[in-house]
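The values are calculated or read from the model by the stated rules, or taken from the named source; none is laboratory data. The structure presented is a predicted model; accordingly, all values stated were derived computationally and were not measured. Because the Cβ atoms are built from the backbone with ideal geometry, glycine has one as well, and the counts that use them run over all protein chains shown.
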Amino acid sequence: HNLEMKHLPGADPELVLLSFRYEELERIPLSDMTREEINQLVQELGFYRKETPEAPVPEEFQFAPAKPLPTLMPRRAPAADSKTLSEQDKEDHPDL
């Protein structure tokens, strides 16, 4: 869940971690790692592995491995005519 693989011919494999706003946080080279080591790394980073593609994701893993929005940014009261941050994020990123 929340992990996407893109094959780029000729590129060295790496894991690119993004924030909930799709900003790059870190790049981890994978060239020298075995499949088992990569699977372990992904688990340690907090990604959830579904049993089947259509299986539901437990609520505590919905935004994993990213932290939920309230812990990343302090809440502010929205102006009367403005949208809340979560409403804006849903419009900007409908997959969230």
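Filtered by the rule that a residue be under 12 Å from the mean Cα position of the chain (by Cα) and modelled with pLDDT of 80 or more, the range 39-88 gives Val42, Leu45, Gly46, Phe47, Tyr48, Phe61, Gln62.
So which residues in the range 1-56 are at positive phi and exposed (fewer than 11 other Cβ atoms within 10 Å of the Cβ), if there are any at all? Within the range 1-56, Gly10, Tyr22 qualify. Pairing residues of the range 1-27 that are within 14 Å of Pro65 (Cβ to Cβ) with residues that are surrounded by 11 or more Cβ atoms within 10 Å (Cβ to Cβ) and among the acidic types (Asp, Glu), at Cβ distances under 9 Å and at least 6 apart in sequence or on separate chains, gives Phe20/Asp89.
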